[in-house]
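The values are calculated or read from the model by the stated rules, or taken from the named source; none is laboratory data. Only a predicted model underlies this, so the values are computations on that prediction, with no experimental measurement involved. Every residue, glycine among them, receives a Cβ derived from its backbone with ideal geometry; neighbour counts consider all protein chains shown.
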Amino acid sequence: MTAHPSVGVVIATRGARPGPLCDAVLAALRQDYPGHVEVIVVADGGAEMVAQVKAQLAHVLSETRAKVRVTSNQLTNGLPGTRNTGVVTLDTDIVAFCDDDDVWMPGKLSAQISALSAHPTAEFASCGIEIEYGTCRTARLAGTDTITHAHLTRSRMVMVHSSTFLFWRHASFRVDESAPGGQNEDWDLALRAAKRHPIVHVDLPLVRVRWGASDYLARWADRIAGLHWMLTRHTELAVDSRGAARIYGQLAFAHAALGHRREACRWALRASAARPAEPRAALALVVAAGLVSAATVVGRLHTRGRGI
């Protein structure tokens, strides 16, 4: 292994957020890491979308052309295929992901690569995050420097976020392109990685994750499909009572948000049976009864750096 392994950063985009996309690219390129760093921006679309993204990044490309490439998704339409296009296109020692609306903090790469290199058998690294929602910023840390499969079964662990992912390219990790609507593909990848080897975690808020108002207020049907997909792929998620209650509570809330009162009540009961203190069950029932909107609940949680 070289002293400073090369790093390829995959930024998937639909080309709809030019300002944040430029921020994401520049934050990756301005890391203080002494090794080679390059960025591949993969647009989920054809030649027209690539041209649009290149226009959005014109001033960045003019300054850093040798280190930034823009290409189109060559695999399954959607986020998983877009990320995998970047993975298979790169030939760097290490691959890292960043969403097109998130920003790496200074020192992120150096800290993660140093931690990963200190564990010869490790393949995958993550770090803490700072959630930005409106004017609110909340650090979300894991309280540990090692993320195990058991951790991710019991809790989604929001800080193990796709924009923190960094892994050895030779480990051949791929995002599962069968994820419905691209939902939970990052959780699935982290679970698979942790099952092979514990994830090395730098417990500092080294990525700013920007939550927009639409992050939880749309695509509830996709969220339901994504949770069922996870339960089918990872049967161990239903074994841990706390972890199962969280998923059942999320299903209850999503159904309540869609106005499916009967399904919301059914899943809320399952959540409460698995864990009587599961708060998502009560929130789902309140939304299903029409006492408060799903948008209001989600908005208040987001101001605290929390989600359903």
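The set of residues in region 192-228 being under 17 Å from residue 79 (Cβ atoms), surrounded by fewer than 20 Cβ atoms within 10 Å (Cβ to Cβ) and modelled with pLDDT of 95 or more consists of 192, 225. For residue 55, are the conditions met, namely being assigned by TED's automatic domain parsing to the domain that holds residue 169 and either closer than 22 Å to residue 88 by Cα or free of Cβ contacts under 8 Å to residues at least 60 places away in the same chain (or both)? Spelling it out, residue 55 is indeed assigned by TED's automatic domain parsing to the domain that holds residue 169 and either closer than 22 Å to residue 88 by Cα or free of Cβ contacts under 8 Å to residues at least 60 places away in the same chain (or both). Selection of region 221-248 for residues being among the aromatic types (Phe, Trp, Tyr) and either under 21 Å from residue 175 (Cβ atoms) or touching a strand residue (DSSP E or B) at 6+ places or on another chain (Cβ under 6 Å) (or both) yields only 229. In the set (1) in a helix (DSSP H, G or I); (2) without any contact (Cβ under 8 Å) to a residue 12 or more places away in the chain, the condition left unmet by residue 16 is number (1). Is it true that residue 125 is assigned by TED's automatic domain parsing to the domain that holds residue 187, touching a residue at least 60 places away in the same chain (Cβ under 8 Å) and buried (at least 19 other Cβ atoms within 10 Å of the Cβ)? In short, yes. Taken over region 15-45, the criterion of being closer than 15 Å to residue 69 by Cα and charged (D, E, K, R) is satisfied by 38, 44. For region 234-252, the condition of being buried (at least 20 other Cβ atoms within 10 Å of the Cβ), of a type outside the set (Lys, Arg) and closer than 21 Å to residue 129 by Cα holds for none of the residues. Can you give me the number of residues within region 253-275 that are surrounded by 22 or more Cβ atoms within 10 Å (Cβ to Cβ) and of a type in the set (Asp, Glu)? Within region 253-275, residues that are surrounded by 22 or more Cβ atoms within 10 Å (Cβ to Cβ) and of a type in the set (Asp, Glu) number 0.
Within region 287-305, the set of residues being closer than 24 Å to residue 131 by Cβ and either touching a residue at least 12 places away in the same chain (Cβ under 8 Å) or among the small types (Gly, Ala, Ser) (or both) comprises 287, 293, 294, 295, 297, 298, 299, 302, 303, 304, 305. Scanning region 169-191 for residues that are crowded, with 22+ Cβ neighbours inside 10 Å and either over 16 Å from residue 234 (Cβ atoms) or not assigned by TED's automatic domain parsing to the domain that holds residue 149 (or both) turns up just one, 182. From the list 31, 112, 74, the lone residue that is crowded, with 18+ Cβ neighbours inside 10 Å and part of a loop (DSSP other than H, G, I, E, B) is 31. Could you tell me whether residue 41 is assigned to a strand (DSSP E or B), assigned by TED's automatic domain parsing to the domain that holds residue 26 and at pLDDT 90 or above? For residue 41, the condition - assigned to a strand (DSSP E or B), assigned by TED's automatic domain parsing to the domain that holds residue 26 and at pLDDT 90 or above - is met.
Within the option set 285, 251, being out of contact with any strand residue (DSSP E or B) (no Cβ under 6 Å at 6 or more places or on another chain) and either over 20 Å from residue 185 (Cα atoms) or assigned by TED's automatic domain parsing to the domain that holds residue 176 (or both) holds for one residue only, 285. Residues in region 149-175 that are outside any loop (DSSP other than H, G, I, E, B) and either within 11 Å of the chain's Cα centre (by Cα) or within 20 Å of residue 117 (Cα to Cα) (or both): 162, 163, 164, 166, 167, 168, 169, 170, 171. Would you confirm, using the coordinates I've provided, whether residue 106 is out of contact with any helix residue (DSSP H, G or I) (no Cβ under 6 Å at 6 or more places or on another chain) and modelled with pLDDT of 95 or more? It is true that residue 106 is out of contact with any helix residue (DSSP H, G or I) (no Cβ under 6 Å at 6 or more places or on another chain) and modelled with pLDDT of 95 or more.
Evaluated against (1) within 13 Å of the chain's Cα centre (by Cα); (2) at pLDDT below 95, residue 128 falls short on exactly one condition, (2).
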